[in-house]
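The values are calculated or read from the model by the stated rules, or taken from the named source; none is laboratory data. Values in this document were obtained by computation on a predicted structure and should not be read as measured data. Neighbour counts are summed over all protein chains in view; Cβ atoms, including those assigned to glycine, are modelled from backbone coordinates with ideal geometry.
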Amino acid sequence: MTERFQRMYSVVMAWEGGYVNHPNDPGGETYRGISRRAHPHWEGWQYIDSKKAVPESLVASFYYINFWNKLRCEDMPYPIGEYLFDFGVNAGIDRAARLVQSLVGVKVDGIVGEVTLSAIKRYDTKELMNRLLVERLDYYIGITLARKQLSVFFLGWVRRTLSTYKMLIGNNH
């Protein structure tokens, strides 16, 4: 795992709780943001089911392989990769990939490849971050209006989106 991933992983984990099974969460049962419904075969569920502590390395490697690497965050300019990683963890990697693809004007297929990466690298980073911020907020407004049971999460999503944006924009790398 890279240093860049580890820094952002710590930020994301500050927003993702421990074990949660909120009745309004469409992800159902989750542990540190990992949904059992979406990832039923993740090794960590065996620990949880037997009431044992989940090794931190298991959680970190899950996010590194299934989110950071699949979105190709390491290949993106700072802080675009970090912001997409956070959005991917919260809203899904397909949604995060499609969002950035639509903003940079490439084919929207949910797969971050060389064409998407080249377009991201050509885009002004600050402008893309600003557009990602607006589109993330718009996404949360849209799903909350469409599914009233999600309104309980709305303020948390907005706080996370704004806080992460400010933290990333304020850090010069």
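Mind listing whichever residues of segment 31-44 are surrounded by fewer than 13 Cβ atoms within 10 Å (Cβ to Cβ) and under 17 Å from Ile143 (Cβ atoms)? Within segment 31-44, Arg37 is the sole residue that qualifies. Can you find a residue in segment 47-60 that is over 18 Å from the mean Cα position of the chain (by Cα), free of Cβ contacts under 8 Å to residues at least 24 places away in the same chain and buried (at least 18 other Cβ atoms within 10 Å of the Cβ)? Among the residues of segment 47-60, at least one is over 18 Å from the mean Cα position of the chain (by Cα), free of Cβ contacts under 8 Å to residues at least 24 places away in the same chain and buried (at least 18 other Cβ atoms within 10 Å of the Cβ), which makes the answer yes. Has segment 66-85 got any residue that is among the polar types (S, T, N, Q), modelled with pLDDT of 95 or more, surrounded by 14 or more Cβ atoms within 10 Å (Cβ to Cβ) and within 30 Å of Trp42 (Cα to Cα)? Yes, segment 66-85 has at least one match. Out of Asp124, Asp109, one residue alone is under 18 Å from the mean Cα position of the chain (by Cα) and surrounded by fewer than 14 Cβ atoms within 10 Å (Cβ to Cβ). It is Asp109.
Taken together, Gly28, Gly88 contain a single residue that is of a type outside the set (A, V, I, L, M, F, W, C) and crowded, with 18+ Cβ neighbours inside 10 Å, which is Gly88.
Among the candidates Leu132, Leu103, Leu162, Leu137, single out the residue that is modelled with pLDDT of 95 or more and surrounded by 19 or more Cβ atoms within 10 Å (Cβ to Cβ). Every option except Leu132 fails the conditions.
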